[in-house]
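Heads up: the structure comes next, in structure tokens.
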Amino acid sequence: MSGARLEIRLDAISHNTTTMVRRLGERGISVTAVTKATSGSPAVAATFLAAGAGALAESRLPNVRRLRRGGIRAPVTLLRTPMLSEVDGIVEHCDISCNTEPEVLAALSLAAVAADRVHGVVLMVELGDLREGIMPNDLCAVAAGVCDLPGLSLRGIGANLACSSGVVPDEANMAELSALAGRVEHTGGLELEIVSGGNSANVSWALGPARVGRINDLRLGEALLLGCDPLDRTPIPGLRTDGATVVAEVIESGLKPTTPWGTRGANAFGEPPAAVSAAGPVQTIVALGRQDTDPGDLAPPEGIEIVASSSDHLVLRGAHPVPVGSEMSFSAGYSAVLRAMTSPTVTKVYLGAEPGAAPTPARSAR
């Protein structure tokens with residue numbers, strides 16, 4: 001196997017999913033497992049479902065098609081507001097879509113009628129993070145419009161926080177979402193099946209002492225994949241954090257000065273000269289770069305520091321040389337996994353498909 005690879009531990013993902021399904025279930029909240037960081041990996045989706053997730057969610061239609069080609073028949077929600085150019089495919093492959101735009105809803109209605117289907121709709125509400133969402137005062141009117149459109153079924157409302165502006169899910173904004181659910185039901189004379197409070201950033205709130213109110217669904221990706229709280233990247237108690245590892249080959253290692261010489265300007269990515277690192281006298285380079293992953297979201301082996309990255313080189317510093325041709329493993333965060341999954345130059349390897357399965361052996365420079 002040549003080139004960098006991303007190792008995904010399915011046993012860790014299974015453990016995290018089972019644990020979160022149980023804990024949140026005790027609070028009356030179901031888990032919709034999000035596959036977007038893995039580009040719609042059927043292997044990861046099947047692991048989510050086998051571990052108890054009730055449904056899946058994706059943000060891109062090509063990834064949903066990949067799930068369907070991989071034999072996944074579970075309900076799938078499209079997270080990102082549909083593009084007008086994709087409404088036919090969304091109606092064909094997705095059970096539900098999250099929506100904010102009346103024009104898109106009208107197009108989904110036409111597509112659903114033409115396909116002789118009923119497509120589910122979750123209306124997303126703006127609660128302060130300033131990404132997608134209908135302003136709260138407009139929600140009832142938009143909901144009434146959905147109910148008047150043939151081929152559509154209003155399944156619920158939802159919100160998204162902490163992704164754009166870092167607004168933290170808390171008792172106040174979750175209580176507002178609960179109140180909005182009641183307002184939509186009272187105004188429209190209907191009952192909402194789904195009140196989706198948000199993503200992995202909601203876990204601390206959901207498992208804390210606050211009342212959950214009407215919130216009965218969370219859309220979880222990072223918590224299940226990596227066992228971390230996105231708000232501060234700390235481990236969630238009881239979850240495994242070894243779900244993803246990036247592995248790359250060492251292509252150079254030896255003594256080099258720690259200080260560059262010559263006139264310095266911006267690097268290849270337009271970034272100003274970085275501060276000089278004194279992490280160690282040995283410079284090591286691995287065959288891994290920004291085309292492959294997010295170097296800033298990798299954790300190197302102990303005693304080694306990442307000091308620079310270009311398109312296809314990761315520059316490290318440490319105290320000792322590392323054999324050329326050996327492999328070095330890096331713990332990967334959410335951004336690193338996301339980019340590695342979308343890179344055609346990174347091989348994806350799934351480990352631990354069965355409980356107790358031994359991992360595939362790999363040479364290591366640790």
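The values are calculated or read from the model by the stated rules, or taken from the named source; none is laboratory data. Quantities reported herein were computed from a predicted structural model and do not represent experimental measurements. Quick reminder, even Gly has a Cβ in these numbers, built from the backbone with ideal geometry, and neighbours come from all protein chains shown.
Residue-by-condition table, conditions (1) touching a Gly at 6+ places or on another chain (Cβ under 8 Å); (2) over 29 Å from residue 40 (Cα atoms); (3) assigned by TED's automatic domain parsing to the domain that holds residue 54:
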residue: 153; (1), (2), (3): yes, no, yes
residue: 166; (1), (2), (3): no, no, yes
residue: 180; (1), (2), (3): no, yes, yes
residue: 192; (1), (2), (3): yes, no, yes
residue: 203; (1), (2), (3): no, no, yes
residue: 208; (1), (2), (3): no, yes, yes
residue: 218; (1), (2), (3): yes, no, yes
residue: 222; (1), (2), (3): no, no, yes
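Step by step: first the residues of the range 192-213, then only those that are surrounded by fewer than 21 Cβ atoms within 10 Å (Cβ to Cβ) and not hydrophobic (A, V, I, L, M, F, W, C), then the one that is farthest from residue 167 (Cα to Cα). Which residue is that?
By that ranking, first place goes to 193.
For the condition under 27 Å from the mean Cα position of the chain (by Cα) and assigned by TED's automatic domain parsing to the domain that holds residue 337, what is the one hit in 248, 278?
Checking each option against the conditions leaves just 248.
What about residue 149, is it in contact (Cβ under 8 Å) with a residue 40 or more places away in the chain, within 25 Å of residue 115 (Cβ to Cβ) and out of contact with any strand residue (DSSP E or B) (no Cβ under 6 Å at 6 or more places or on another chain)?
yes
Please state which one of 229, 242, 217 is of a type in the set (Asp, Glu) and farther than 28 Å from residue 179 by Cα.
242
Any idea which residue in the range 16-41 is surrounded by the most Cβ atoms within 10 Å (Cβ to Cβ), counting only those that are closer than 30 Å to residue 326 by Cβ and not β-branched (Val, Ile, Thr)?
Going through the qualifying residues, I end up with 37.
Which of the residues belonging to the range 288-297 are of a type in the set (Gly, Ala, Ser) and surrounded by fewer than 19 Cβ atoms within 10 Å (Cβ to Cβ)?
Listed by number, the list holds a single entry, 296.
Does residue 161 meet the test of being under 26 Å from residue 75 (Cα atoms), part of a strand (DSSP E or B) and in contact (Cβ under 8 Å) with a residue 40 or more places away in the chain?
No, not satisfied.
State yes or no: is residue 176 more than 27 Å from the chain's Cα centre (by Cα) and either closer than 23 Å to residue 223 by Cα or surrounded by fewer than 23 Cβ atoms within 10 Å (Cβ to Cβ) (or both)?
It is false that residue 176 is more than 27 Å from the chain's Cα centre (by Cα) and either closer than 23 Å to residue 223 by Cα or surrounded by fewer than 23 Cβ atoms within 10 Å (Cβ to Cβ) (or both).
What are the pairs with Cβ atoms under 9 angstrom where one residue, in the range 276-290, is of a type in the set (D, E, K, R) and the other, located anywhere, is in a loop (DSSP other than H, G, I, E, B)? Sequence gap at least six, or different chains.
So the pair list comes out as 290/269; 290/310; 290/311; 290/312.
Residues that are under 19 Å from the mean Cα position of the chain (by Cα), of a type outside the set (Asp, Glu) and more than 15 Å from residue 158 (Cα to Cα): list the helices (runs of 4 or more DSSP H) wholly contained in the range 50-147 that include at least 1 such residues.
61-69
Quick one: which of 347, 342, 360 is modelled with pLDDT of 95 or more, among the polar types (S, T, N, Q) and closer than 19 Å to residue 9 by Cβ?
Result of the check over 347, 342, 360: 347.
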